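Q: The structure's right below; bear with me while I get my questions together.
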Amino acid sequence: MSTPTAPATAEPANLGLIARFPEEWEAEFAAWGEPKYRARQLFRWLLRRGEFEPSQMSDLAIGLRERLRSAGLRTPAEVAHVKRSSDGTRKLLLALSDGGQVECVLIPMTRLDADADASAAVEDETEASEPAERTKVTLCISTQFGCAMGCKFCASGRAGLLRGLKAAEIVAQVLISRRYLEPDEDIKNLVFMGMGEPLHHYDETARALRLLMHPEGLGMSPRRITVSTVGLVPGIRRLGRDFDGKMGLAISLHAPNDEVRSRIMPMNERYPIAELMQALRDYPLPKRRRVTIEYTLMDAVNDQPEHAEELARLLRGVPVKVNLIPMNPVDGSGFKAPSPGRVAEFQQILSNAGYSCFVRTRRGDEVDAACGQLALSRDIITLKRPSPPAQ
Ligand code: SAH
């Protein structure tokens, strides 16, 4: 399937304008001679309604709209393509204003997911009061165009890191994806599990998190947001401090010891497992909350019963829940998923050891939107790395 590329916007958007907090607009507007309350009006247009086009901001004076337009306020991303999978998953390909591309994925929860979610959610006292008839959707967003972490089994880093996304581009993925919800759907969870390593460029990620949480914007609760990391220890510590442990945290662990982990995840050399586990113990989680451990099961690499037992020992005493992800196919990676029997056995060992442990069902597979498959499409790879001309 070919992916039409959106026409590049004539002039790149001034991304800083979308990532401003009301107080920052107030300071700017004071210099422009605009009343203070305009700051909140504008912030709401941008961060609550997701309207980036000044001409549509009907309660702002025409002169101000014009000034914002000439300052470079415009959409930070255009939807270049939407792929729908029969399971309801929608993958959006967004064209950024400098020609970069990122993907975000809307994943409706199935009954099965909802059950797993509820039983994992002793931690979540609001669960029962939510209207049952609305479909809960998880939105998965990207934080970088490409990735520098080099995990051997993941497609996102194949072409290396092209660039980190600005806070505006991170929040825009949420604001734009909302337009693709069905009328009965709500975004219940936001996961930073798309392309890129969110803690690799911490400042933009943290700014995006604050913008998304802002009460005059979407007012998202940090309990509904999960930042997933390969295990960058200083970033984990900073995230814990800056958000008082309230931000959901997921760790891509994928191995119970350094020997296996370093083989598949080069970052483990820098932050080995003992250091990572210490950072998790120190993460100031509120009571009853848990860190998610992601564990991609790869045939004959990390899927043996002794790996499960070693993992159970490693995680002892750390408040965690475990998500097992049978390896999604990535061409040429040389890794494959274990048999369903092996997955079940692995899960059983962890459950018997007292962990809540779920197997993540494969979603969005047919549109290459499953974990580790983002940026797999040839059209995107081509865009990043033009093939050399034939000799
Ligand atoms: N860099 C962050 C965010 C990426 S999240 C992180 O590493 O956590 C994407 C999740 O999918 C990670 O847990 C990643 O390890 C996992 N993943 C990557 N490739 C995969 C594949 N081929 N099959 C299953 N899971 C994969």
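The values are calculated or read from the model by the stated rules, or taken from the named source; none is laboratory data. Everything quoted here is computed from the prediction, not taken from an experiment. Cβ coordinates were reconstructed from backbone atoms using ideal geometry, including for glycine residues, and neighbour counts include every protein chain displayed.
Q: Just checking, how many residues over the stretch 33-58 are out of contact with any Lys or Arg (no Cβ under 7 Å at 6 or more places or on another chain) and either over 18 Å from GLU216 (Cβ atoms) or assigned to a loop (DSSP other than H, G, I, E, B) (or both)?
A: Counting residues in the stretch 33-58 that are out of contact with any Lys or Arg (no Cβ under 7 Å at 6 or more places or on another chain) and either over 18 Å from GLU216 (Cβ atoms) or assigned to a loop (DSSP other than H, G, I, E, B) (or both) gives 8.
Q: In this structure, is ALA308 buried (at least 19 other Cβ atoms within 10 Å of the Cβ), at pLDDT 95 or above, more than 16 Å from the ligand (Cβ to nearest atom) and in the same structural domain as LEU212 (by TED's automatic domain parsing)?
A: Values: buried (at least 19 other Cβ atoms within 10 Å of the Cβ): yes; at pLDDT 95 or above: yes; more than 16 Å from the ligand (Cβ to nearest atom): yes; in the same structural domain as LEU212 (by TED's automatic domain parsing): yes.
The answer is yes for ALA308.
Q: Suppose we filter the stretch 313-343 for residues that are assigned to a helix (DSSP H, G or I) and either within 14 Å of the ligand (Cβ to nearest atom) or touching a helix residue (DSSP H, G or I) at 6+ places or on another chain (Cβ under 9 Å) (or both); how many remain?
A: Here the count works out to 4.
Q: Within the stretch 1-20, take every residue that is out of contact with any Phe, Trp or Tyr (no Cβ under 7 Å at 6 or more places or on another chain), assigned to a loop (DSSP other than H, G, I, E, B) and of a type in the set (A, V, I, L, M, F, W, C) and give me the one that is modelled with the highest pLDDT.
A: So the first thing to find is which residues in the stretch 1-20 are out of contact with any Phe, Trp or Tyr (no Cβ under 7 Å at 6 or more places or on another chain), and the list is 1-17, 19-20.
From what's left, assigned to a loop (DSSP other than H, G, I, E, B): 1-14, 19-20.
Right, trim to of a type in the set (A, V, I, L, M, F, W, C) and you get 1, 6, 8, 10, 13, 19.
Working: MET1: 37, ALA6: 45, ALA8: 48, ALA10: 58, ALA13: 86, ALA19: 98.
Among residues in the stretch 1-20 that are out of contact with any Phe, Trp or Tyr (no Cβ under 7 Å at 6 or more places or on another chain), assigned to a loop (DSSP other than H, G, I, E, B) and of a type in the set (A, V, I, L, M, F, W, C), the one modelled with the highest pLDDT is ALA19.
Q: Right, something else. Give me the pairs, please: first residue somewhere in the stretch 325-338 and more than 12 Å from ASP299 (Cβ to Cβ), second residue anywhere and of a type in the set (A, V, I, L, M, F, W, C) and outside any loop (DSSP other than H, G, I, E, B), beta-carbon distance under 7 Å, and either six or more positions apart or on two chains.
A: ILE325/LEU297
Q: How many residues does the stretch 249-262 hold that are among the charged types (D, E, K, R) and more than 14 Å from the ligand (Cβ to nearest atom)? I'd like the intermediate steps shown before the answer.
A: Taking the stretch 249-262 and keeping what is among the charged types (D, E, K, R), we get 258-259, 261.
Then drop every residue that is not more than 14 Å from the ligand (Cβ to nearest atom), which leaves 258-259.
Residues in the stretch 249-262 being among the charged types (D, E, K, R) and more than 14 Å from the ligand (Cβ to nearest atom): 2 in total.
Q: Given (1) touching a strand residue (DSSP E or B) at 6+ places or on another chain (Cβ under 6 Å); (2) of a type in the set (Gly, Ala, Ser); (3) touching a residue at least 24 places away in the same chain (Cβ under 8 Å), identify the lone condition not met by GLY160.
A: Going through the list (1) touching a strand residue (DSSP E or B) at 6+ places or on another chain (Cβ under 6 Å); (2) of a type in the set (Gly, Ala, Ser); (3) touching a residue at least 24 places away in the same chain (Cβ under 8 Å), GLY160 breaks only (3).
Q: When you go through VAL291, VAL301 one by one, which is the residue that is under 25 Å from the mean Cα position of the chain (by Cα) and within 16 Å of the ligand (Cβ to nearest atom)?
A: On the way: VAL301 fails: under 25 Å from the mean Cα position of the chain (by Cα).
Of the residues listed, the single one that is under 25 Å from the mean Cα position of the chain (by Cα) and within 16 Å of the ligand (Cβ to nearest atom) is VAL291.
Q: Going by what's in this entry, would ALA308 be described as touching a residue at least 24 places away in the same chain (Cβ under 8 Å) and not hydroxyl-bearing (Ser, Thr, Tyr)? Show your work before the answer.
A: Details: touching a residue at least 24 places away in the same chain (Cβ under 8 Å): yes; not hydroxyl-bearing (Ser, Thr, Tyr): yes.
Answer is yes for this residue.
This table checks each residue for (1) surrounded by fewer than 23 Cβ atoms within 10 Å (Cβ to Cβ); (2) basic (Lys, Arg); (3) away from the ligand (no atom under 16 Å from the Cβ); (4) within 15 Å of the chain's Cα centre (by Cα).
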| position | (1), (2), (3), (4) |
| --- | --- |
| SER177 | no, no, yes, yes |
| ILE187 | yes, no, yes, yes |
| GLY196 | no, no, no, yes |
| THR205 | no, no, no, yes |
| LEU218 | yes, no, yes, no |
| ARG223 | yes, yes, yes, yes |
| VAL227 | no, no, no, yes |
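Q: For the stretch 59-165, list the strands (runs of 3 or more DSSP E) that sit wholly inside it and hold at least 2 residues that are surrounded by fewer than 17 Cβ atoms within 10 Å (Cβ to Cβ) and at pLDDT below 90; which are they?
A: Of the strands (runs of 3 or more DSSP E) lying wholly inside the stretch 59-165, none has at least 2 residues that are surrounded by fewer than 17 Cβ atoms within 10 Å (Cβ to Cβ) and at pLDDT below 90.
Q: I need the full set of residues from the stretch 156-168 which are more than 16 Å from the ligand (Cβ to nearest atom) and either farther than 15 Å from LEU15 by Cβ or among the charged types (D, E, K, R) (or both), in order please.
A: Within the stretch 156-168, LYS166 is the sole residue that qualifies.
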